[in-house]
Amino acid sequence: MSVEIKESDFRNFYLNTRNIDKKVARQLATRLKKVGKEVVPDVQRAVLAIPSDKKSEIKSPEPKGLGLRASIAGSITVGIKSTKRQSGVFIRVDQKKFKILSGGRTETLPKLLDGTIKRWKHPVFGRNMDHPEKWPIQRYHRFFGRTIYNHKPEAQKAVEKAFMETFEEIEKKGLRSKR
């Protein structure tokens, strides 16, 4: 049997579980994060597999942190949201962690590389630094959404299972909402 959990139902169940029992709510959060953590290694592999077009003959200074792809892969995190606008298990790039790992690069680079922000022009070190109209346009590589979407069926089943286990635990304990 397959049940599709709507975003509003996810939010209501998740929030009501916190009102019933904090321990049960923590267990639900752990189960839901586990769903996302199973997808993270594939997202990291997809980021690291993006080809690099480094063809500059000009020696640029050594970067302060990890490379772009390694910084993105190292800053992928899993979280749970339950707001009116969005509810669910979220896999994202932690911008603060990315900035630390990359040695201070701008936080928008992961979005640019994934194509979330459509146009990405940049200067070439040592050439045309003052002429933005001559800057090359960087190609983007969709890695985030495609990789996560490939895991959608099993993720939906795992979320459903986590909700059912939590519901059964609430029933078994005979708990009721504290409201």
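The values are calculated or read from the model by the stated rules, or taken from the named source; none is laboratory data. Predicted model only: the values in this text are computed from it and were never measured. No Cβ is skipped: glycine too gets one built from the backbone with ideal geometry, and neighbour counts run over all protein chains shown.
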Which of the residues spanning the stretch 39-64 are small (Gly, Ala, Ser), in a loop (DSSP other than H, G, I, E, B) and modelled with pLDDT of 80 or more?
ALA49
Residues satisfying the stated conditions in the stretch 140-155, i.e. in contact (Cβ under 8 Å) with a residue 24 or more places away in the chain and more than 16 Å from VAL78 (Cβ to Cβ)
TYR140, HIS141, ARG142, PHE143, ARG146, ASN150
Looking at the stretch 136-156, which of its residues are of a type outside the set (Val, Ile, Thr), outside any helix (DSSP H, G or I) and either farther than 13 Å from ASP114 by Cβ or touching a Cys at 6+ places or on another chain (Cβ under 9 Å) (or both)?
PRO136, HIS151
Go through GLY104, GLY67 for me and flag whichever is of a type outside the set (Ser, Thr, Tyr), more than 17 Å from the chain's Cα centre (by Cα), exposed (fewer than 13 other Cβ atoms within 10 Å of the Cβ) and modelled with pLDDT under 90.
GLY104
Check whether at least one residue in the stretch 115-124 is aromatic (Phe, Trp, Tyr), in a loop (DSSP other than H, G, I, E, B), at pLDDT below 75 and crowded, with 17+ Cβ neighbours inside 10 Å, and report yes or no.
yes
Only residues that are surrounded by 14 or more Cβ atoms within 10 Å (Cβ to Cβ) and farther than 30 Å from ALA70 by Cα: list them for the stretch 16-41, please.
ASN16, THR17, ARG18, ILE20, ASP21, VAL24, ALA25, GLN27, LEU28
Right, LYS111: part of a helix (DSSP H, G or I), of a type in the set (Lys, Arg) and at pLDDT 85 or above or not?
no
Can GLY174 be described as at pLDDT 75 or above, touching a Gly at 6+ places or on another chain (Cβ under 9 Å) and either loosely packed, with under 14 Cβ neighbours inside 10 Å or within 16 Å of ILE50 (Cβ to Cβ) (or both)?
no
